[in-house]
Amino acid sequence: MKTIKLNGQPRTNLGKKDCKQLRKQDLVPCVIYGNKAENTNFVLVDKELKPLVYSPFSYIVEVNIDGKIHICVLKDIQFHPVSDKILHIDFINVDESKPVSIDVPVKITGNSEGLKQGGKLQVLNRKLKVSALLNDLPDELPVDITNLQLGKSICVGDLSIEKLNILTPKSSIICSVKVTRAALGAAAATEEVKK
């Protein structure tokens, strides 16, 4: 899985007033916790977070705080309800010997039979929650739709990837080929030709 490196500065004042002051300086209050490690409060520069936050990909995050590297994953982001500015970010410590839970993007591959017949592809789940050891985490989950027929769908339960446990419910639909008017018209035209 891709890694993104960030440089953080420690913070000791944790009150609301202090957080407001930090945000005025374009700094985002953050915390790293979990895996029996002590909570680490720090700040990151707002503009450095764009590649991490506004991306379809998921990343392993290496945060350097005063020379100490923390390996973690993004857990939660709080946005301002009006301005959409990042207010706060939670990260979870990663223990390389334990499985990590993270959302991984789905990559659709192939050209579906249903699409060739005039159907429309609908992608209902663009990311799936998976669990694996740090070194086994993929950048994306390939979903081949070559054999997907008109009116059919691919569910999470249809996927099987080695060394990866998919946590999203097996009944969740990843994508489907919807029957369109064009597909119905093409089918009707084919029936007329056969007669």
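Every residue in the range 117-150 that is without any contact (Cβ under 8 Å) to a residue 60 or more places away in the chain, more than 30 Å from E96 (Cβ to Cβ) and either surrounded by 19 or more Cβ atoms within 10 Å (Cβ to Cβ) or within 20 Å of the chain's Cα centre (by Cα) (or both), please.
Selection gives Q122, V123, L124, D144, I145, L148, L150.
Can you tell me which residues in the range 19-42 are more than 28 Å from P105 (Cβ to Cβ) and touching a strand residue (DSSP E or B) at 6+ places or on another chain (Cβ under 8 Å)?
Residues satisfying the conditions are C19, L22, R23, D26, L27, N39, N41.
What's the number of the condition D90 fails, among (1) assigned to a loop (DSSP other than H, G, I, E, B); (2) not assigned by TED's automatic domain parsing to the domain that holds T168?
Unmet for D90, out of (1) assigned to a loop (DSSP other than H, G, I, E, B); (2) not assigned by TED's automatic domain parsing to the domain that holds T168: (1).
Being within 21 Å of P56 (Cβ to Cβ) and not in a strand (DSSP E or B) is the filter here; which residues of the range 113-134 pass it?
L124, N125, R126, L134
Here are P142, P169: which of them is of a type outside the set (K, R), in a loop (DSSP other than H, G, I, E, B), under 23 Å from P56 (Cα atoms) and at pLDDT 90 or above?
Testing whether each residue is of a type outside the set (K, R), in a loop (DSSP other than H, G, I, E, B), under 23 Å from P56 (Cα atoms) and at pLDDT 90 or above leaves just P169.
Return a yes/no flag: does the range 39-52 have any residue that is basic (K, R) and either touching a helix residue (DSSP H, G or I) at 6+ places or on another chain (Cβ under 6 Å) or within 21 Å of M1 (Cα to Cα) (or both).
Yes, because at least one residue in the range 39-52 is basic (K, R) and either touching a helix residue (DSSP H, G or I) at 6+ places or on another chain (Cβ under 6 Å) or within 21 Å of M1 (Cα to Cα) (or both).
Which of the numbered conditions does A132 fail, given that it passes all the others? Conditions: (1) closer than 14 Å to I166 by Cα; (2) in contact with a strand residue (DSSP E or B) (Cβ under 6 Å, 6 or more places away or on another chain).
Failing condition for A132: (2).
Inside the range 47-73, can you point out the residues that are without any contact (Cβ under 8 Å) to a residue 24 or more places away in the chain, touching an Asp or Glu at 6+ places or on another chain (Cβ under 8 Å) and part of a strand (DSSP E or B)?
The one that is without any contact (Cβ under 8 Å) to a residue 24 or more places away in the chain, touching an Asp or Glu at 6+ places or on another chain (Cβ under 8 Å) and part of a strand (DSSP E or B): I69.
The values are calculated or read from the model by the stated rules, or taken from the named source; none is laboratory data. Quick caveat: nothing in here was measured; it's all calculated off a predicted structure. Positions of Cβ are generated from backbone atoms using ideal geometry, with glycine treated the same way; all protein chains shown enter the neighbour counts.
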